[in-house]
Amino acid sequence: MAALHRVAHRGYSAVAPENTLPALAAGVLAGATFIEFDVRTTADGVPVVIHDRTVDRTTDGAGHVAELTLDEISGLDAGSWFSPAYAGLRVPLLREVIDLLRPYAQPRVELLLEIKPPATREQVKVIIAQVAEAGLLDRTVVQSFDPAVVRLAGEAAPEVRLGLLRHGFDDGQVEVARALRLRYVNPDLRAVLADPATVAALAAEGVGVMPWTPNDISLWAPLVEAGVAGLINDRTGELTGWSLARGLG
Ligand code: G3P
Ligand code: CA
């Protein structure tokens with residue numbers, strides 16, 4: 001059976017605050033084959049790694065990432081909301097995340113870089129340029145829920161692999177994948193369980209499907225049975241053990 005990608009969702013986010021350097025490092029150490037993280041751009045044009053549109057849930061601050069400067073975001077505590085053990089952690093710069101992951105990016109670990117919409121052409125270019133400067137374009141998949149952002153990423157770096165995030169599969173998902181020259185279509189896990197025929201049709205085109213976010217271990221076997229290329233979840237350690245025990249690693 002083919003190897004199953006183990007994707008650390010926002011890093012190993014069961015054990016450390018999502019999208020922080022310790023979570024991303026823990027994902028590597030726990031055996032992930034892809035480290036997934038989310039990129040947004042500050043008011044002064046700096047790519048940072050944070051999931052939500054606002055800083056409210058995952059820091060001690062308030063406001064929209066796009067309306068805050070890097071200085072303002074850098075002063076926030078991004079760890080205490082998760083546990084006092086992580087008090088004082090900062091929202092990382094994309095550049096810091098790349099520096100952290102770069103030594104691990106051969107041969108096992110790849111980057112699954114999600115660009116959160118909205119993102120302008122210039123913002124996408126800056127993000128892609130940082131990956132390119134680190135020499136990691138060939139170790140990175142750039143994904144987004146917004147097909148326009150995926151297209152901008154492909155225009156910024158024609159050689160980079162692209163992924164489209166979805167809730168359910170689109171009508172004509174294979175044609176969408178062809179038109180956007182996707183390597184991955186990554187939907188809600190329920191779409192995979194409901195429609196394994198589309199997973200097979202995409203696989204026949206060389207397009208992998210990696211659903212999010214199966215944290216419940218009882219879902220892993222049915223999803224593998226449905227033909228997925230990987231699983232994106234918060235429980236990297238367990239997923240690694242489970243996969244290797246089944247010869248999927
Ligand atoms: O990579 C899949 C997953 O990260 C998409 O959803 O909301 O966790 O960014 P979200
Ligand atoms: Ca994400």
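Checked against (1) among the charged types (D, E, K, R); (2) touching a helix residue (DSSP H, G or I) at 6+ places or on another chain (Cβ under 9 Å); (3) open to solvent by 20 Å² or more (accessible area, probe 1.4 Å); (4) within 16 Å of ligand 2 (Cβ to nearest atom), GLU36 passes all but a single condition, namely (3). Can you tell me which residue within segment 158-172, out of those that are farther than 21 Å from VAL192 by Cα and touching a strand residue (DSSP E or B) at 6+ places or on another chain (Cβ under 8 Å), is most open to solvent (accessible area, probe 1.4 Å)? It comes out as ARG161.
Applying the condition of being open to solvent by less than 40 Å² (accessible area, probe 1.4 Å) and either within 15 Å of TYR184 (Cβ to Cβ) or among the basic types (Lys, Arg) (or both) to segment 148-157 and asking which residue is farthest from ligand 1 (Cβ to nearest atom) yields GLY154.
Which ones in segment 221-245 are out of contact with any Lys or Arg (no Cβ under 9 Å at 6 or more places or on another chain), part of a helix (DSSP H, G or I) and within 16 Å of ligand 1 (Cβ to nearest atom)? LEU223, the sole residue that qualifies.
Answer with yes or no whether VAL142 is assigned to a helix (DSSP H, G or I), under 30 Å from ALA197 (Cβ atoms) and either within 16 Å of ligand 2 (Cβ to nearest atom) or modelled with pLDDT under 95 (or both). It is false that VAL142 is assigned to a helix (DSSP H, G or I), under 30 Å from ALA197 (Cβ atoms) and either within 16 Å of ligand 2 (Cβ to nearest atom) or modelled with pLDDT under 95 (or both). Scanning segment 16-33 for residues that are in contact (Cβ under 8 Å) with a residue 60 or more places away in the chain, open to solvent by less than 10 Å² (accessible area, probe 1.4 Å) and not in a loop (DSSP other than H, G, I, E, B) gives LEU24, GLY27, VAL28. When VAL185, VAL207, VAL224, VAL174 are checked against the criterion of being in contact with a Leu (Cβ under 8 Å, 6 or more places away or on another chain), in contact (Cβ under 8 Å) with a residue 24 or more places away in the chain and within 16 Å of ligand 2 (Cβ to nearest atom), a single residue qualifies: VAL185. Is segment 112-124 home to any residue that is crowded, with 16+ Cβ neighbours inside 10 Å, in contact (Cβ under 8 Å) with a residue 60 or more places away in the chain and away from ligand 1 (no atom under 13 Å from the Cβ)? Yes, segment 112-124 has at least one match.
The values are calculated or read from the model by the stated rules, or taken from the named source; none is laboratory data. Please read these numbers as outputs of a predicted model, since none were measured by experiment. For neighbour counting, all protein chains shown are included, and Cβ atoms are generated from backbone atoms with ideal geometry for every residue, glycine included. Side chains included, ligands, DNA and RNA excluded: accessible areas come from the protein's heavy atoms. Shrake-Rupley method; radii C 1.70, N 1.55, O 1.52, S 1.80 Å.
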